[in-house]
Amino acid sequence: TFNTPAISTTTTYYAATNNGSCISTSRTIVIATVNALPATVATITNATKCGQDTATISATALAGMTIDWYADSTTNIALQSGTATGINKFITPIVSTTTLYWASQRNLTTGCMSAARKRVTVTINSKPSAPAVTSASRCGTGTVILTATLPTNPTGTVAWYSLSSGGTALSTSASYTTASISATSSYYVEAKITTTGCVSASRSLSIATINTLPIAPTASSASRCGSGTVSISATPGNGQTIDWYSAATNGTLLLSNSTGYTTPSLTTNASYYAAAKNTTTSCLSATRTTVTASIIAVLAAPSSLTGTTTICPIVGTLTSARYTTVAVTGATSYSWTIPSGAVIDSGSNGLKIKVRFVTAGSNDSIYVQANNGCLGTKKVLKLTTTGCATTPVIGKIKYIASNELLNSIEISPNPTPNSFKIHSSSINNESISARIMDIQGRTLTSFKTNSIDGNNFGGELKHGIYFIEFRQGENTKTIKLIKL
């Protein structure tokens, strides 16, 4: 063997055989071939990725050449060896930071490598955080405005989607107005760095909530007699309250969060409008319920009231007095008021009545009012009480007051709001029965006793006029009772 000196071109050498004393007469040609080194790789393609990932880089080999890939500029251990000329690609392992790779051009025939390697860079850019978002809601069908806020650093843009991944961007504005929706919907937004184009690894969820509108409330109109305020009301559903307005749409909010509303003083009918409001969402019903506050005119008094004015107050009389008034325009009925010691036999709401007087007082009157839902002005007829010449009968009760004990019986206090008390100044061993009757002579209760002085009774009676009848043998005494 023979190691040549350093040579830069192909050089011919000659080998002769030497047996120790003699040399061959001819020599054999031995050529030391020097192959040219391939040029350094000229064309490369770097790669840029967002966040840790694999990357594809490439270099272009000349004809008859291929590309070998290395992790640095000097090591002899290739990461990947090429087998063909042209564009040669290398898929890196997953990298999380910017990483350098090196491409060397190799002659497929001679195996010679380029004297220098070409650097190829895989740039790893960080991904932005997902944007901060605000959800929003509305009452009923319509658009909803959603907003997103980018991370403070670096600057960039956002993109809105209807899907959590993939899909087509709906908008690239920070504020996004949805299409008209009728049900709660989800939207997703990602951040994008302007300089690198990197988008956030995930998208933030923003919810457009559609709250159901309440149903318009049921309501109660109201009326009053003559000018003044009117109290109207509406009934909300569960979890609702009522807002009151001056008009069926728009208008002025008169009162909020109240099932009832008292109008200002009115002289004519007026309409108000009740909207149901959800106490959680504050959503109002799509429509409002009309509530009417009616002013009913107070009718004038009838122009006349005629009938018997001289009364003989006899308990249990069967004779009726007749009273007549005249019609009032707008009246639907008539209301009669008679003394407490009288009974209407017929015609209690018409233009004529028949009255039977059981008792009467010196200041008693009969009056009538026209009624159209409100009682009108009174027409009064003053009565005159006179004495009676005959002894009346109520049922089979005889008014014979000859017995000394019965004559001595008195009731006090009378009138009273509490109990009545019996007082007697005479003593008699004969049994006395007593019964309490209403103004129509019907027995309410009865009792029998040998001693009546100091007895209390009537505490349970309601206010009104009653009679107590005492009977001893064939003798009776009746006393009128007034319960206040």
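Of all residues in the range 434-462 being within 60 Å of the chain's Cα centre (by Cα) and basic (Lys, Arg), which is most open to solvent (accessible area, probe 1.4 Å)?
Lys462
Can Lys192 be described as in contact with a strand residue (DSSP E or B) (Cβ under 9 Å, 6 or more places away or on another chain), at pLDDT below 95 and outside any loop (DSSP other than H, G, I, E, B)? Write out each step before concluding.
On the way: in contact with a strand residue (DSSP E or B) (Cβ under 9 Å, 6 or more places away or on another chain): yes; at pLDDT below 95: yes; outside any loop (DSSP other than H, G, I, E, B): yes.
Here the answer is yes, as Lys192 does meet what is asked.
Condition check ((1) closer than 11 Å to Val291 by Cβ; (2) aromatic (Phe, Trp, Tyr)) across all residues:
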position: Thr209; (1), (2): no, no
position: Pro217; (1), (2): yes, no
position: Ala222; (1), (2): yes, no
position: Pro236; (1), (2): no, no
position: Gly239; (1), (2): no, no
position: Pro264; (1), (2): no, no
position: Thr267; (1), (2): no, no
position: Tyr272; (1), (2): yes, yes
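Against the definition (out of contact with any Phe, Trp or Tyr (no Cβ under 8 Å at 6 or more places or on another chain), exposed (fewer than 14 other Cβ atoms within 10 Å of the Cβ) and under 25 Å from Cys50 (Cα atoms)), how does Thr74 come out, yes or no? Steps first, please.
Working: out of contact with any Phe, Trp or Tyr (no Cβ under 8 Å at 6 or more places or on another chain): yes; exposed (fewer than 14 other Cβ atoms within 10 Å of the Cβ): yes; under 25 Å from Cys50 (Cα atoms): no.
It is false that Thr74 is out of contact with any Phe, Trp or Tyr (no Cβ under 8 Å at 6 or more places or on another chain), exposed (fewer than 14 other Cβ atoms within 10 Å of the Cβ) and under 25 Å from Cys50 (Cα atoms).
List the number of the failed condition for Ser135; all other conditions in (1) free of Cβ contacts under 8 Å to residues at least 12 places away in the same chain; (2) under 30 Å from the mean Cα position of the chain (by Cα) hold.
Ser135 satisfies every listed condition except (1).
Please find, among Ala183, Ala174, the residue that is in contact with a strand residue (DSSP E or B) (Cβ under 9 Å, 6 or more places away or on another chain), open to solvent by 50 Å² or more (accessible area, probe 1.4 Å) and either among the polar types (S, T, N, Q) or modelled with pLDDT under 95 (or both).
On the way: Ala183 fails: either among the polar types (S, T, N, Q) or modelled with pLDDT under 95 (or both).
None of the other options fit; the residue is Ala174.
Are any residues in the range 138-159 without any contact (Cβ under 8 Å) to a residue 60 or more places away in the chain, of a type in the set (A, V, I, L, M, F, W, C) and over 30 Å from Thr98 (Cα atoms), and if so, which ones?
Ile145, Ala148
Take Thr309 and tell me if it is closer than 30 Å to Thr384 by Cβ, touching a Ser or Thr at 6+ places or on another chain (Cβ under 7 Å), surrounded by fewer than 16 Cβ atoms within 10 Å (Cβ to Cβ) and at pLDDT below 95.
Numbers: closer than 30 Å to Thr384 by Cβ: yes; touching a Ser or Thr at 6+ places or on another chain (Cβ under 7 Å): yes; surrounded by fewer than 16 Cβ atoms within 10 Å (Cβ to Cβ): yes; at pLDDT below 95: yes.
Against the criterion (closer than 30 Å to Thr384 by Cβ, touching a Ser or Thr at 6+ places or on another chain (Cβ under 7 Å), surrounded by fewer than 16 Cβ atoms within 10 Å (Cβ to Cβ) and at pLDDT below 95), Thr309 qualifies.
Whether any residue in the range 204-223 is part of a loop (DSSP other than H, G, I, E, B), at pLDDT 95 or above, within 21 Å of Cys139 (Cα to Cα) and among the β-branched types (Val, Ile, Thr) is what I want to check.
To start, the set of residues in the range 204-223 that are part of a loop (DSSP other than H, G, I, E, B) comprises 212-217, 221.
From the residues that got through so far, the ones that are at pLDDT 95 or above too are 212-217.
Next cut, within 21 Å of Cys139 (Cα to Cα) only: 212-217.
Keeping just the survivors that are among the β-branched types (Val, Ile, Thr) gives 212, 215.
Yes, because at least one residue in the range 204-223 is part of a loop (DSSP other than H, G, I, E, B), at pLDDT 95 or above, within 21 Å of Cys139 (Cα to Cα) and among the β-branched types (Val, Ile, Thr).
Within the range 83-99, restricting attention to residues that are over 18 Å from Thr40 (Cβ atoms) and aliphatic (A, V, I, L, M), which residue is least open to solvent (accessible area, probe 1.4 Å)? Give the steps one after another, and end with the answer.
First, the residues of the range 83-99 that are over 18 Å from Thr40 (Cβ atoms): 83-84, 89, 91-99.
Narrowing the set further to residues that are aliphatic (A, V, I, L, M) leaves 84, 91, 94-95.
Values: Ala84: 51, Ile91: 114, Ile94: 119, Val95: 16 Å².
Top of the filtered list is Val95.
Confirm whether His423 is touching a strand residue (DSSP E or B) at 6+ places or on another chain (Cβ under 8 Å), under 26 Å from Phe357 (Cβ atoms) and modelled with pLDDT under 85. Lay out the reasoning, then the answer.
Numbers: touching a strand residue (DSSP E or B) at 6+ places or on another chain (Cβ under 8 Å): yes; under 26 Å from Phe357 (Cβ atoms): no; modelled with pLDDT under 85: yes.
Judged against the criteria, His423 is not a match.
Counting residues that are of a type in the set (Gly, Ala, Ser) and either within 24 Å of the chain's Cα centre (by Cα) or within 17 Å of Pro214 (Cα to Cα) (or both), which strands (runs of 3 or more DSSP E) fully inside the range 249-301 reach at least 2? Step through it out loud before you land on a result.
Details: elements: 253-255, 260-262, 270-278, 289-296.
Here the list reads 270-278.
Among the residues of the range 220-248 satisfying the criterion of being open to solvent by 70 Å² or more (accessible area, probe 1.4 Å) and within 14 Å of the chain's Cα centre (by Cα), which is farthest from Ala276 (Cα to Cα)?
Among those that are open to solvent by 70 Å² or more (accessible area, probe 1.4 Å) and within 14 Å of the chain's Cα centre (by Cα), it is Asn238.
Conditions: (1) of a type outside the set (Val, Ile, Thr); (2) touching a residue at least 24 places away in the same chain (Cβ under 8 Å); (3) farther than 17 Å from Thr110 by Cα; (4) surrounded by 12 or more Cβ atoms within 10 Å (Cβ to Cβ). Gln80 meets all but one. Number of the miss?
(2)
As an exercise: evaluate Ala208 against (1) under 22 Å from the mean Cα position of the chain (by Cα); (2) under 17 Å from Pro131 (Cα atoms); (3) surrounded by fewer than 14 Cβ atoms within 10 Å (Cβ to Cβ) and give the number of the one condition it does not meet.
Among (1) under 22 Å from the mean Cα position of the chain (by Cα); (2) under 17 Å from Pro131 (Cα atoms); (3) surrounded by fewer than 14 Cβ atoms within 10 Å (Cβ to Cβ), the lone unmet condition for Ala208 is (3).
The values are calculated or read from the model by the stated rules, or taken from the named source; none is laboratory data. What you see is a predicted model, and the numbers here were worked out from it, not measured in a lab. In this analysis, Cβ positions are derived from the backbone assuming ideal geometry, glycine residues included, and neighbour counts consider all displayed protein chains. Side chains are part of the model used for accessible areas, which takes the heavy atoms of the whole protein and leaves out ligands, DNA and RNA. Shrake-Rupley method; radii C 1.70, N 1.55, O 1.52, S 1.80 Å.
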